1. Does M129 satisfy the criteria of being within 22 Å of A88 (Cβ to Cβ), assigned to a helix (DSSP H, G or I) and modelled with pLDDT under 95?
2. Would you check which residues across segment 11-49 are within 14 Å of the ligand (Cβ to nearest atom), under 19 Å from V77 (Cβ atoms) and part of a loop (DSSP other than H, G, I, E, B) and list them?
3. Return the residue satisfying two criteria in turn: it lies in segment 62-85 and is outside any helix (DSSP H, G or I) and crowded, with 22+ Cβ neighbours inside 10 Å, and of such residues it is farthest from the ligand (Cβ to nearest atom).
4. Say whether the condition of being acidic (D, E), within 18 Å of Q144 (Cα to Cα), surrounded by fewer than 19 Cβ atoms within 10 Å (Cβ to Cβ) and without any contact (Cβ under 8 Å) to a residue 12 or more places away in the chain is met by at least one residue in segment 168-177.
5. Looking at A92, A156 in this structure, which one is touching a Gly at 6+ places or on another chain (Cβ under 6 Å) and either among the aliphatic types (A, V, I, L, M) or in contact (Cβ under 8 Å) with a residue 40 or more places away in the chain (or both)?
6. Output yes when any residue across segment 182-195 is more than 14 Å from I19 (Cα to Cα) and surrounded by fewer than 20 Cβ atoms within 10 Å (Cβ to Cβ), and no when none is.
7. Take G188 and tell me if it is more than 11 Å from the ligand (Cβ to nearest atom) and in contact (Cβ under 8 Å) with a residue 12 or more places away in the chain.
8. Report, ordered by the first and then the second residue, all pairs with beta carbons closer than 6 Å, sequence separation of six or more or different chains, a first member in segment 74-88 that is over 13 Å from R132 (Cβ atoms), and a second member that is modelled with pLDDT of 95 or more and not in a helix (DSSP H, G or I).
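The values are calculated or read from the model by the stated rules, or taken from the named source; none is laboratory data. Fair warning: this is a prediction, and the values are worked out from it, not measured in the lab. Note that we place each Cβ from the backbone using ideal geometry, even for glycine, and neighbour counts take in every protein chain shown.
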Amino acid sequence: MKGLFEGKVVIVTGAGGAIGRAAAIKFAAEGARVTVSDLSEESVAETVRIIKEAGGDALPIVGDISLDEHVQRMVNVTVERFGGVDCAFNNAGITHAEDYKWDEAVFRRTLEINLISQMLCMKYQIPQMLRRGKGAIVNTSSIQGLVGVVEPPLPAYTASKHAVIGLSKSTALEYARSNIRVNALCPGVTRSAMVDKVMVMSESIRQRLLNHAPLGRLAEPEEVAEAALWLCSDKASFVTGHAMVVDGGFTAQ
Ligand SMILES: NC(=O)c1ccc[n+]([C@@H]2O[C@H](COP(=O)([O-])OP(=O)(O)OC[C@H]3O[C@@H](n4cnc5c(N)ncnc54)[C@H](O)[C@@H]3O)[C@@H](O)[C@H]2O)c1
């Protein structure tokens, strides 16, 4: 397929979910060979099916992104199959809709999946990009990487997403002279299973989420995915260490 990512190899994590699937499909439609990674075998298979039906090339990888050996395997299998790694959209994540109440296990698990996983991804992706002499990484943060949101309070999630921005900025500076760009993406409330899980907590939370953005609606996953593609593309060649909001105006208030 011809396009913005023709000849490029892109890894997308959380690619069975709303934003990740939308991005994986768009990367493939722009010519990339895409590693489709997620915890859920069924959702990975569905994303791969959509990409292949449209004539694209996709590699399914199923496993827990917070585990070093899985992430290493994900990158190794990508290199064996596609010959290298050009771009990565490290996007898998969870929220803790269950009552957190200072629960250490909930806090640790949220950090493992939302933050440690991104460190592990970059640990194995960056050496491959160094081999290429170039690379672009986008780590998914959130508007809750920039502000705290009180209804519902999600302290572990908010802490993890703030840390993703710090991790991305620090790594961006470390690898700038190696021609590897690293940016964070901060979506506002986006139509997804994750948001459905929070919306059922109460009617007031549902209303608040639906009306959170000055644009007066939720984001569609495709609108967030567009920003990930742009940040990964050569069109963003002078953009690194940036935390880009795609939030319908929420953080402008
Ligand atoms: N939906 C929103 O409103 C919103 C807002 C801001 C940021 N985000 C972030 O966007 C990213 C994508 O979320 P989404 O909105 O598409 O939600 P989603 O729930 O549809 O997708 C998240 C995906 O991550 C996968 N995942 C979870 N734990 C995993 C693990 N241990 N190993 C591998 N995969 C795992 C899930 O299986 C799921 O497919 C997340 O990092 C999320 O925090 C979402």
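1. Values: within 22 Å of A88 (Cβ to Cβ): yes; assigned to a helix (DSSP H, G or I): yes; modelled with pLDDT under 95: no.
Here the answer is no, as M129 does not meet what is asked.
2. Kept after step one, since they are within 14 Å of the ligand (Cβ to nearest atom), are these residues of segment 11-49: 11-26, 35-48.
If we keep only those that are under 19 Å from V77 (Cβ atoms) as well, we get 11-16, 20, 24, 35-41, 43-45, 47-48.
Of everything in segment 11-49, those that are within 14 Å of the ligand (Cβ to nearest atom), under 19 Å from V77 (Cβ atoms) and part of a loop (DSSP other than H, G, I, E, B) turn out to be G14, A15, G16, L39, S40.
3. Pass one, segment 62-85, residues outside any helix (DSSP H, G or I): 62-67, 83-85.
Pick out the ones that are also crowded, with 22+ Cβ neighbours inside 10 Å and you get 65, 85.
Working: I65: 4, V85: 18 Å.
Filtering segment 62-85 for residues that are outside any helix (DSSP H, G or I) and crowded, with 22+ Cβ neighbours inside 10 Å, the one farthest from the ligand (Cβ to nearest atom) comes out as V85.
4. no
5. Numbers: A156 fails: touching a Gly at 6+ places or on another chain (Cβ under 6 Å).
Unique residue meeting the criteria: A92.
6. no
7. Numbers: more than 11 Å from the ligand (Cβ to nearest atom): no; in contact (Cβ under 8 Å) with a residue 12 or more places away in the chain: yes.
No.
8. Every condition considered, the pairs that remain are M74/S37; M74/I61; R81/L59.
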